1. Which listed residue (81, 58, 124) has the Cα farthest towards the positive end of the charge dipole for region 21-125, taking +1 on Lys and Arg C-beta and -1 on Asp and Glu C-beta about the Cα centre?
2. From Cα coordinates alone, what are the radius of gyration and Dmax values for the chain in angstrom?
3. Mind listing the phi-derived Karplus ³J(HN,Hα) values for region 208-225, rounded to whole Hz, using 6.51, -1.76 and 1.60 with θ = phi - 60°, and x for any glycine or proline?
4. When ranked by the protection proxy of mean other Cβ atoms within 10 Å per residue, highest first, what sequence do the peptides 21-32, 185-196 form?
5. Distance between Cα centroids, region 1-64 to region 146-225: provide it in whole Å.
6. What length, rounded to one decimal in nm, is gained on full extension from residue 212 through to residue 13, with 0.36 nm per residue of separation minus their alpha-carbon distance?
7. Please give the residues of region 16-47, grouped as numeric ranges, whose backbone N is less than 13 Å from a label point set 7 Å along the Cα-to-Cβ vector of residue 69.
8. Roughly how many nanometres apart are two label points built 7 Å out from the Cα toward the Cβ at residue 174 and residue 2?
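No lab work stands behind these numbers, since they all come straight from the coordinates. These figures come from a predicted structure and were not determined experimentally. Ideal geometry is used to build each Cβ from the backbone, glycine not excepted, and the neighbour counts take in all protein chains shown.
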Amino acid sequence: WFDHWLKGAHDGALSRPKVEYYLNNASRWLTANSWPPPAATHKLYLDSGARGANSTFGDGSLQTTTPKRPGSDDYLYDPAAPVPTISSFDGSTVVADQKLVAERHDVLVYTSAPLEKSLDVAGSITAKLYVSTDVKDTDLMMRLVDVFPDGRSYNVGDEALRLRYRNGFQSPELLIPGKIYPIDLQGLINATRFRRGHRIRIQITSSNFPLLERNLNTGGDNETG
């Protein structure tokens with residue numbers, strides 16, 4: 001690349017594919033002419049039964065078809081007892097077993113059935129959630145998790161949104177308690193392989209501390225409140 005642009009060498013640099021990306025859990029570099037690479041869209045739907053989706057002791061699930069019954073899941077977020085960041089000892093963001101987080105009652109956990117064949121996911125991962133809260137502001141955290149057959153669960157990616165910025169950072173707007181808002185969580189980009197026998201998991205909660213600042217949920221200034 002440098003030889004082509006800096007030295008005028010005709011070494012085929014411009015004939016390389018436009019996109020080169022690494023597929024996690026497959027140890028492979030792949031190429032494409034655009035991003036995201038052309039592929040079918042994979043849709044999953046959140047669902048739960050009588051126990052609700054709170055923690056891995058609930059019955060939250062990821063389905064490939066629209067749930068047959070209406071319903072909702074809820075949790076209590078306490079800024080004084082936030083969901084902890086599970087990572088390396090120095091606090092950096094790394095892959096780590098999320099078992100202890102998924103066992104908390106203030107985390108909604110939705111898990112698919114074991115995959116019958118490996119699934120490669122490359123591109124943007126987005127979620128549409130319908131959210132209501134009893135406070136003026138809160139945070140929404142979504143985590144994509146790869147669950148191994150032996151129960152270990154490793155984070156693939158995280159996305160977070162402070163809901164006062166749901167319409168953009170230039171237009172903060174507090175919530176009306178009790179009102180239902182459609183929230184689009186987007187910005188999570190990944191390329192990973194979920195292997196045969198593994199399960200896909202989505203975790204939803206309102207904190208990831210100390211990696212991310214806690215929201216005090218007052219609608220005021222979190223730094224001085």
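1. 124
2. 20.1, 68
3. Running phi through 6.51 cos²θ - 1.76 cosθ + 1.60 with θ = phi - 60° gives 7, 10, x, 4, 10, 4, 6, 8, 6, 6, 8, x, x, 8, 5, 6, 10, x Hz.
4. Most protected by this proxy first, the peptides run 185-196, 21-32.
5. 19 Å
6. Length gained between residue 212 and residue 13: 67.6 nm.
7. Within reach of a label on residue 69, which here means backbone N under 13 Å from a point 7 Å along Cα→Cβ, region 16-47 contributes 47.
8. For the pair residue 174/residue 2, the computed spacing is 5.5 nm.
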